[in-house]
Amino acid sequence: MKLLFIGDIVGRPGRDLVRRHLKALAATHGADLVIANGENAAGGAGITRDNTNELLAAGVDVITSGNHVWDKRETLEFIGAEPRLIRPANYPAGTPGLGSYVARSRTGVPVGVVNVMGRVFLHAIDDPFRVAEREIERVRNDGAQVIFVDIHAETTSEKMALGWYLDGKVAAVVGTHTHVQTADDRILPGGTAYLTDVGMTGPHDGVIGMDRVAVIARFMSGLPVRFEPATGDARLHGVAITADPITGKAIAIERISLTEEQLKTITDSASAVAS
Ligand SMILES: [Fe+2]
């Protein structure tokens, strides 16, 4: 079975790419389930109910998040009623929403999706290693044999350490948050697909998705500067993971990095086949 994971969707430019091209891309890859990190969907920070609905309608089955998940106040209100949007599992007990979800693939296979957040240079929340193990147990008890983990973290070392820690226990450990796709995709010896960072779906002519003039101004002045999503060079970053539905181990991992032009070609040829 094939899982398609879309890297951090930033603002309208990222949402537009997903809305216009995700279905054709998923069909081209023969994806059985689509997961996406959506914590930057609302203007680069947070995710609204409307953004959530838009991504689900565009073909995303499960939305993961991270440190920006609470940037829009309404998320605290609706996340409890929308289990397909998950937040890092290592927030304290009592936090709204859940940190894992068992989705059904196109063929009805249960797939566990787990979201944890690193602690280095981020909020000091619970231990992502122990909490990831707890959530893996939870989704396994709910019938998931194939399990995907989004580790939302700042440092390569923390992500890589979690990859090794979970090797053999899940189909994939993929990092998010830094918005720059790394080239270290591999299958670890125990059968877990690993990638330090999947990258970003959104404008690449900025600084990790935001307008570069504002970011440079903040670095140079030290003063608070309001950030807006960048414009230009919209690209979709993701990863496709092929997993054995019986063993839950990965068979293949393929990084995806596509410009808007390349996505248009995929969408045009998919609609040519359909008509
Ligand atoms: Fe983040």
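Points worth noting:
- Restricting attention to segment 57-78, the residues that are within 16 Å of the ligand (Cβ to nearest atom) and either without any contact (Cβ under 8 Å) to a residue 12 or more places away in the chain or part of a helix (DSSP H, G or I) (or both) total 1.
- Tallying residues that are within 16 Å of the ligand (Cβ to nearest atom) and either surrounded by fewer than 24 Cβ atoms within 10 Å (Cβ to Cβ) or at pLDDT below 95 (or both) within segment 168-195 yields 5.
- Selection count where residues are in a loop (DSSP other than H, G, I, E, B) and crowded, with 16+ Cβ neighbours inside 10 Å, scope segment 122-131: 3
- Consider segment 145-167 and keep the residues that are more than 16 Å from the ligand (Cβ to nearest atom) and touching a residue at least 60 places away in the same chain (Cβ under 8 Å). The one that is farthest from the chain's Cα centre (by Cα) is 145.
- Among all positions in segment 177-194, there is at least one residue which is in a strand (DSSP E or B) and either of a type in the set (Phe, Trp, Tyr) or touching a His at 6+ places or on another chain (Cβ under 6 Å) (or both).
- In segment 137-167, the residues that are β-branched (Val, Ile, Thr) and open to solvent by 10 Å² or more (accessible area, probe 1.4 Å): 155, 156
- Verdict on residue 114 being under 22 Å from residue 139 (Cα atoms), surrounded by 20 or more Cβ atoms within 10 Å (Cβ to Cβ) and touching a Ser or Thr at 6+ places or on another chain (Cβ under 6 Å): yes
- Here segment 1-20 is the region considered, the condition is being assigned to a helix (DSSP H, G or I), in contact with an Asp or Glu (Cβ under 8 Å, 6 or more places away or on another chain) and open to solvent by 10 Å² or more (accessible area, probe 1.4 Å), and the residue that is farthest from the ligand (Cβ to nearest atom) is 19.
- Selected residue [in contact with an Asp or Glu (Cβ under 6 Å, 6 or more places away or on another chain), within 17 Å of residue 198 (Cα to Cα) and part of a strand (DSSP E or B)] from 255, 235: 255
- For segment 227-248, taking the residues that are in contact with a strand residue (DSSP E or B) (Cβ under 9 Å, 6 or more places away or on another chain) and open to solvent by 80 Å² or more (accessible area, probe 1.4 Å), the one that is farthest from residue 4 (Cα to Cα) is identified as 228.
- Residues considered: 87, 106, 119, 134. Of these, the only one that is assigned to a helix (DSSP H, G or I) and either open to solvent by 10 Å² or more (accessible area, probe 1.4 Å) or free of Cβ contacts under 8 Å to residues at least 12 places away in the same chain (or both) is 134.
- Segment 249-275: number of residues that are under 24 Å from residue 105 (Cβ atoms) and open to solvent by less than 50 Å² (accessible area, probe 1.4 Å): 9
The values are calculated or read from the model by the stated rules, or taken from the named source; none is laboratory data. In this text the structure is predicted, and so the values were computed from the model without any measurement. Glycine gets a Cβ as well: all are built from the backbone with ideal geometry, and neighbour counts include every protein chain shown. We work out accessible area using only protein heavy atoms, side chains counted, and drop any ligands, DNA or RNA first. Shrake-Rupley method; radii C 1.70, N 1.55, O 1.52, S 1.80 Å.
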